[in-house]
Amino acid sequence: MAGAFGAHGLRALVSERSLEIFQTGATYQMYHALALCGLSLLSGFHLSRRLLALAAGFMTAGILLFSGSLYLLVLTATPALGAVTPVGGVCFMIGWGLLVASAWQRPGSV
């Protein structure tokens with residue numbers, strides 16, 4: 001929905017660069033929403049459920065901070081919100097790292 005809103009609802013309201021920024025937020029939101037679905041499926045395998053849950057938490061925080069800050073940056077024209085975006089990016093990286101780490105941990109060990 002965010003991608004469609006950016007492509008159709010914002011086109012006449014914001015600059016081309018702002019549309020690109022909004023689309024970046026929508027793209028990362030979609031990738032990480034799919035990753036969250038994958039994490040829920042992985043919980044049935046012999047992976048550390050605690051690390052998978054932490055990965056999911058960090059990815060959710062990443063969506064809120066990274067994509068959310070980009071959406072608000074475009075919709076409110078508040079450049080200071082751009083300072084929040086890298087924090088969301090770090091949350092994404094931590095989430096992916098925890099996913100990889102979960103494959104190296106035996107269930108019940110962490």
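What FRET efficiency comes out for the pair Ser43/Glu16, r = Cβ-Cβ distance, R0 = 30 Å, nearest 0.05?
Between Ser43 and Glu16 the formula returns 0.15.
Would you mind ranking Val100, Val14 so that the residue whose beta carbon has the fewest other beta carbons within 10 Å leads the list?
Working: Val100 10, Val14 17.
So the residues, fewest neighbours to most, are Val100, Val14.
Between region 67-99 and region 19-33, what is the separation of their alpha carbon centroids in Å?
Between the Cα centre of region 67-99 and that of region 19-33, the gap is 10 Å.
Here, each number is a calculation from the coordinates, and none is a lab measurement. This is a predicted model, so every value here is computed, not measured. Note that we place each Cβ from the backbone using ideal geometry, even for glycine, and neighbour counts take in every protein chain shown.
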